[in-house]
Amino acid sequence: MRALILFGFWLTAPLVVAEVLTEKSTQIVVSIAPEWNSSTGRLQLFKKMACEWVPASAAWDVLYGRNGLAWGIGEHPTPTNSPHPLKREKDKRSPAGIFKIGKIFTYDSTLPEGAHFPFHTMSNVDAWIDDPTLPNYNRHVRVDLRNPPAWFEKQRMRLNDPPHRWLVEIQHNAAHPIPGAGSAIFFHIQRGPKIPTAGCTVMTELRIRDLITWLRAEASPHYVLLPRREYLSLWKSWGLPSPQAAKEILD
């Protein structure tokens, strides 16, 4: 019952997205999918200059969840009358909306040269909870290996797995996680050029390096993921780059 009440609050909460982006953020990562059920799209970096969003990179190809997109829980208001799905655990959809970019998780001791962003080096005690029945759902936790909980083997973070070398946290359902509303959403390296994900946004190793070395915590970076039609409808009210500035990912 509590989860349903919180879900209802999320749908009606009066969030002012334009203020989040214009007052706090000077870096945004924008990705556009052709439509809701698309598992591929384009991504581009933008920086704020003189109160305008301008491209900070060329566009590149990315992959999403194998079933496309669903409205996520982030810094945006979600339409209460939307015909499109809401993000749920194991729906194999990537969350659409605007999200803060959190910490980077890696099994390396340092980030790539040129990177300056908060990170955590994972070890054999780290887990990310994606089981909605557990108390720390959608949280990073560390366990005591002298007395590991029964769920640990299924929830532990992957070490020495090349696609998970760098996990850049996309803060969907993060502030007050709603059980079952989706968890463990990251940017990371793709497993192949045509292999979609369970809900993350993935790209080549070269491009994830470009992203990591560009991000700066003081710029309050955010991630924007929307289908093309929704972007064209919402960009002005949400304070996003204009269609002209975002032409490379909209075309």
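Here, each number is a calculation from the coordinates, and none is a lab measurement. Please read these numbers as outputs of a predicted model, since none were measured by experiment. Ideal geometry is used to build each Cβ from the backbone, glycine not excepted, and the neighbour counts take in all protein chains shown.
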- Task: Could you check what % of the DSSP bridge pairs in the chain are antiparallel, to the nearest 5?
- Result: 60 percent
- Message: On a straight-distance basis, which lysines could pair with residue 194 in a cross-link, Cα separation under 25 angstrom, same-chain partners fewer than 8 positions away excluded?
- Response: 87, 90, 92, 247
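For the range 2-250, what does the relative contact order come out to in percent, with C-alpha contacts under 8 Å and a separation of six or more?
It rounds to 28 percent for the range 2-250.
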- Taking DSSP loops as anything outside H, G, I, E and B, show the longest stretch in the chain free of trypsin sites (Lys or Arg not before Pro) there with at most 12 other beta carbons within 10 Å. 1-89
- Message: Just to be sure I understand: with springs between alpha-carbon atoms less than 10 Å apart, which residue in 75, 113, 52 has the highest mean-square fluctuation in the Gaussian network model of the chain?
- Response: 113
- Item | Cα-centred dipole magnitude for the chain, charges only on beta-carbon of K, R (+1) and D, E (-1), debye, nearest 20 | 340 debye
- Item | Most mobile of 168, 143, 224 in a GNM of the chain (Cα contacts under 10 Å) | 143
- Query: With each run of n ≥ 4 DSSP H residues scored as -39500 (n - 2.57), what mean residue ellipticity at 222 nm is computed for the chain after dividing by its residue count and rounding to the nearest 500 deg cm²/dmol?
  - Reply: -3500 deg cm²/dmol
- GNM, the chain, Cα, under 10 Å: largest mean-square fluctuation among 50, 59, 198? 50
